[in-house]
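The values are calculated or read from the model by the stated rules, or taken from the named source; none is laboratory data. Every value quoted in this text rests on a predicted model; they were computed, and no experiment measured them. A quick note on method: Cβ atoms are made from the backbone with ideal geometry, for glycine too, and the neighbour counts reach across all protein chains shown. Side chains are part of the model used for accessible areas, which takes the heavy atoms of the whole protein and leaves out ligands, DNA and RNA. Shrake-Rupley method; radii C 1.70, N 1.55, O 1.52, S 1.80 Å.
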Amino acid sequence: MKSILSRRKIIITAGTGGVGKTTLSASMGIRAAMDGRKVCVITIDPAKRLATSLGMQGLGDQPTDLTEQLRQALAQQGLELPKAATFSALMPDTRSTFENFFRSLTDQEELADRMVRNPLFQIFAREFSGTNEYMALQKLSSIHESGKYDCIILDTPPSRSTLEFLDAPKLLAQLFDANLIQWLVVPANKIASAAMKKVLGLMEKLMGASFMGHMVDFVTVLFEMRTGFTDHLRRMIRLMESEDVGVMLVTGAHSDFSEELSHFRGHLEKHGIRLDGMVVNRTIGAYRDEGAEIPPASASEFRSAVELLRSLKGREERGLENLKKIVAAGGLEPRLMPELARDVHDLEDLVQIARRLD
Amino acid sequence: MNSLARPSVKQLLSRPVLFVSGKGGVGKTSAAQAIARAQARAGKKTLWVGFEDPTRPPGELTRKAKDLYELNCVAELAFEEYVGMKLRVPGLAHLFLRNPLVKFLAKAGPGVHELVLLGKLWYERRNYDCIVADMPSTGFGLAMFQSIENWSRLFKGGPLHKDAAEMLETFADPKECGQLIVALPEEMPLRESLELEEFLLRLFPKNSPGFLVNRLFPKLEAEAAARRISPDPDDWESPVAESIQDFALRRSLLENHNLATWRNAGIEIESLAWQQVRLESELSEFDQVVLALEKQITQRGWA
C-alpha cells in the first residue's frame, strides 16, 4: 500500500457498495500527502457529512485546497506535513461537467444549445444515469493534465456502474466506428436497405414517434461532434491503460463479494487496466481481541455481543481466503482495515485512519 | 416532509409487489430473500426478483421451495421478450433484434435498459400472489424508477410509453405495491434512507415507503458506562476502536445514539436483530442469515 501511495500517479478506488470507500479514499489521499505528495482526491456523491468535515463548499468545478487544514489536523496529533505536500479535494458537479464537456467538443454554440435542450441529453445528464462515471473520468483527465498534482485519487461509485463506465468509451466508439449512427442521420427516403427501413419503422412503432424524433436529433448533433468526441474517447482510453493509472479494489470481507470482485478483475484485465491491490475494509479482524481480559462477571449481553463479533471475525477469515485468491495472481495481498466505531467527522478522524495505512 | 403516515412492515408485506431498496451492504438481499421465504411459507405463491446478478445465469427462473420462485432478471432478455410480445410475428422480431442498431440502442439507449427490467417484473405480477424485488443499490435502483417516469412523461406515443405510464400507475398505488427501505442503525445509511424516501415520494407521492432497520446489535449501555465511555459518539477522540471488546461497547452506544435521532424525527423503528452464524454449519453463511431472518419475520407476524 505504502509503495503504491508513494508511486502511482492516479489511483482509482473501486469496489462493492457500502464498504466505506469514500472515507478510505480520503484517508489514502492524506497518507500520500503525509509522504510529501501533491494530492487531489476526487469523489463522486460522498456522504454530505464527510464533505462538510473536509471543509468543502459542496459541488464545484475546481479542487478545494485543504493543505492548511490538514497541516493543523496533523499537528493536533503531533505530526508534521512535509513542505512539498499539498492536499486538495474535489466533488465534481457532474451535471455541469457534462454540459461543459459537450460544449468543448464544438465551436458552434448553436449545435451545443440544441444538444443541451434535447430531453435525451437531460436524461443522460441526470444524477443516476451512469454518465456520472464517465464525467468523473473526464474530470480526472483534466485535473491530471493541469499538472498541479502528482497523486490523484478517484473515488468511483460501486462496482457495477464502474464496469459500465469502463465500457462507456468503447460503447460510444463502437457507435461511431461501426457507422451505426448513419442509419439515424441519413434521411429515411435515402436509405437504400429495405431491411433497415423496416427496422427503423418497427422501432418507431415500438418506441413512439416522439422518442424517435428526439433520438434522431440527439444522434445528429452527436454525429456533428464526432471528431472531437472520438478523439476525446481515445485519449481517455489511453489514459486508463497507461502506467499512470492503477485500480485499488475496496471490499468488505464477505465471501459473497468474491464472485463479483473476480468478475470485476476480469473486466480490468480485458481493458488492460492495472490492479494495484485490495483493501478489505470494515473488518472486525483488524482489531485485537482482549481475550481473557473480559471479566467473567461481565453481563451476559456483553459476552454474547463479543461472541457475535468473534463469529463475524471467523466469517471474515473465511471470506478472506477467497478474496486472497483474486489478487494472488498479481502477487498482491489484501490489506485489512477496521470497521469504524463511529462515523468520520473531520480531517482529524481521517488522519487517525490514514495512520493505519502504513 | 411527509404528510402521509409511513406504512408498517406488516402492511407493506400484504401488498402484491414489494420493492426492497437501500444502500449497498445493508443486507438488502438477505432481507428480501427472507421476506420471500416467509411469504411463501404463509402460502402465497411468491417470486423473488434480483436484477442482473452476474453470478447467476441470465434470466434463470428457479423453483426454490413450495410456492417460492427466484428470477435473475436481465435487461437483454427482457427486451427480447418484450419485443417478441409487441411485434408478435416471430420472423419480424428476429429481424428487429438482430439489427446492430437495435442491439446498440437496447444497450446504450437512455433508460431502455432500466425500463425493460421493471417491465418484466410488472408483467410477471399476474403470475404470482406476491413479488419481492431485490433492488440494486440506491443509484441504479432509482434510475430504474426514474426511467419509467421519463418514458411516461417525455416520449409520448408508442407502446413503450403506454406501458411505462401504466407501470407508473401500478407502482404509485399503495394497494398494488409497497416500498421497503432497508437501513442499518448507522449514521450515513440512516441519512441516505431519508434521501431515498424523499426521492421515492417525489415519484410516487401517494405511496409512502416504510423502513426496516437491519442488524441491530445487543444493548450494552451499562457495560459501556462502567468502562467510562461517553454515550455520545461525538465525544470520542477517534473513530477507530481499541479492540473487539471496545468496539462492541461503542457499537451499542452508536446505535442508541442514531436510533434516538430517528425516533426524534418521528420515525417508528421496526428492526431485525444481528444474526450470529455458525462456521461449522452445512449451510452457507448467507443461507443461515436468511433462515434466521425469516424466522424473525414469521415470529413478528409480518408475512
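Only one residue in B:E60, B:E70 is under 28 Å from B:P189 (Cβ atoms), of a type in the set (D, E) and touching a strand residue (DSSP E or B) at 6+ places or on another chain (Cβ under 9 Å). Which one? Give the derivation first.
Values: B:E60 fails: under 28 Å from B:P189 (Cβ atoms).
Selected residue: B:E70, the only one of B:E60, B:E70 that is under 28 Å from B:P189 (Cβ atoms), of a type in the set (D, E) and touching a strand residue (DSSP E or B) at 6+ places or on another chain (Cβ under 9 Å).
Give the residues of segment A:340-358 that are surrounded by fewer than 22 Cβ atoms within 10 Å (Cβ to Cβ), within 9 Å of chain B (Cβ to nearest Cβ) and of a type in the set (D, E), sorted by residue number.
Listed by number, the residues that qualify are A:D343, A:E348.
Go over the candidates A:L79, A:L66 one by one and state the one that is at pLDDT 90 or above, closer than 24 Å to B:D234 by Cβ and open to solvent by 10 Å² or more (accessible area, probe 1.4 Å).
Values: A:L66 fails: open to solvent by 10 Å² or more (accessible area, probe 1.4 Å).
Matching residue, one of A:L79, A:L66: A:L79.
Which residues, taken from segment B:268-303, are modelled with pLDDT under 85 and open to solvent by less than 20 Å² (accessible area, probe 1.4 Å)?
B:V277, B:E285
So how many residues does segment A:328-339 have that are within 14 Å of another protein chain (Cβ to nearest Cβ) and either free of Cβ contacts under 8 Å to residues at least 12 places away in the same chain or open to solvent by less than 30 Å² (accessible area, probe 1.4 Å) (or both)?
Of segment A:328-339, the ones within 14 Å of another protein chain (Cβ to nearest Cβ) are A:336-339.
Narrowing the set further to residues that are either free of Cβ contacts under 8 Å to residues at least 12 places away in the same chain or open to solvent by less than 30 Å² (accessible area, probe 1.4 Å) (or both) leaves A:337-339.
So the answer is 3.
For segment B:193-251, how many residues are of a type in the set (D, E, K, R), closer than 15 Å to A:A299 by Cβ and surrounded by fewer than 20 Cβ atoms within 10 Å (Cβ to Cβ)?
Residues meeting the conditions: 3.
Does segment B:152-162 include one or more residues that are aromatic (F, W, Y), without any contact (Cβ under 8 Å) to a residue 12 or more places away in the chain and surrounded by 16 or more Cβ atoms within 10 Å (Cβ to Cβ)? Explain how you work it out, then say what you get.
Step one: list which residues in segment B:152-162 are aromatic (F, W, Y), which gives B:155.
Filter again for without any contact (Cβ under 8 Å) to a residue 12 or more places away in the chain, leaving B:155.
The next check asks that each one be surrounded by 16 or more Cβ atoms within 10 Å (Cβ to Cβ); those that pass are B:155.
Yes; the residues of segment B:152-162 include at least one that is aromatic (F, W, Y), without any contact (Cβ under 8 Å) to a residue 12 or more places away in the chain and surrounded by 16 or more Cβ atoms within 10 Å (Cβ to Cβ).
Condition first: among the charged types (D, E, K, R) and at negative phi. Now tell me which residues in segment B:82-113 satisfy that.
First, the residues of segment B:82-113 that are among the charged types (D, E, K, R): B:86, B:88, B:98, B:103, B:107.
Matches in segment B:82-113: B:K86, B:R98, B:K103, B:K107.
Filter segment B:228-247 for residues that are among the small types (G, A, S) and facing another protein chain (nearest Cβ under 7 Å) and give the result. Can you show your working first?
Of the residues in segment B:228-247, the ones among the small types (G, A, S) are B:230, B:238, B:241, B:243.
Hits for segment B:228-247 are B:S238, B:A241, B:S243.
For residues in segment B:12-63 being under 12 Å from B:L180 (Cβ atoms) and at pLDDT below 90, which is nearest to the chain's Cα centre (by Cα)?
Here the residue is B:G22.
Looking only at helices (runs of 4 or more DSSP H) that lie completely in segment B:159-254, which have at least 1 residues being more than 25 Å from the chain's Cα centre (by Cα)?
On the way: elements: B:159-172, B:187-203, B:221-226.
It comes to B:159-172, B:221-226.
Can you name every one of the helices (runs of 4 or more DSSP H) wholly within segment A:241-358 that holds 1 or more residues which are over 30 Å from A:T67 (Cβ atoms)? Explain how you work it out, then say what you get.
Details: elements: A:256-270, A:300-328, A:347-354.
Output list reads A:256-270, A:300-328.
Can you tell me which of A:R31, A:R114, A:R71 is in a helix (DSSP H, G or I) and modelled with pLDDT under 95? Give the steps one after another, and end with the answer.
On the way: A:R31 fails: modelled with pLDDT under 95; A:R71 fails: modelled with pLDDT under 95.
On inspection, the qualifying residue turns out to be A:R114.
Results for (1) hydroxyl-bearing (S, T, Y); (2) within 28 Å of B:L216 (Cβ to Cβ); (3) crowded, with 17+ Cβ neighbours inside 10 Å, shown as yes or no for each residue.
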site: A:S258; (1), (2), (3): yes, yes, yes
site: A:R265; (1), (2), (3): no, no, yes
site: A:K270; (1), (2), (3): no, no, no
site: A:T283; (1), (2), (3): yes, yes, yes
site: A:E307; (1), (2), (3): no, yes, no
site: A:L312; (1), (2), (3): no, yes, yes
site: A:K325; (1), (2), (3): no, no, no
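Could you list, in sequence order, all residues of segment B:88-110 that are among the small types (G, A, S) and either within 18 Å of B:P159 (Cβ to Cβ) or within 7 Å of chain A (Cβ to nearest Cβ) (or both)?
Residues of segment B:88-110 that are among the small types (G, A, S), as a first pass: B:91, B:93, B:106, B:108-109.
B:A93, B:A106, B:A108, B:G109 - these are the residues of segment B:88-110 that are among the small types (G, A, S) and either within 18 Å of B:P159 (Cβ to Cβ) or within 7 Å of chain A (Cβ to nearest Cβ) (or both).
Which residues, taken from segment B:61-76, are loosely packed, with under 14 Cβ neighbours inside 10 Å and either over 16 Å from B:C130 (Cα atoms) or free of Cβ contacts under 8 Å to residues at least 24 places away in the same chain (or both)? Working first, answer last.
Initially, segment B:61-76 is screened for residues loosely packed, with under 14 Cβ neighbours inside 10 Å, giving B:61-63, B:65-66.
Passing the criteria: B:L61, B:T62, B:R63.
Out of curiosity, is A:T220 under 30 Å from A:L202 (Cα atoms) and open to solvent by 10 Å² or more (accessible area, probe 1.4 Å)?
Working: under 30 Å from A:L202 (Cα atoms): yes; open to solvent by 10 Å² or more (accessible area, probe 1.4 Å): yes.
Answer is yes for this residue.
Could you check, for segment B:221-239, whether at least one of its residues is in contact with a Ser or Thr (Cβ under 9 Å, 6 or more places away or on another chain) and polar (S, T, N, Q)?
So far as segment B:221-239 goes, no, none of its residues is in contact with a Ser or Thr (Cβ under 9 Å, 6 or more places away or on another chain) and polar (S, T, N, Q).
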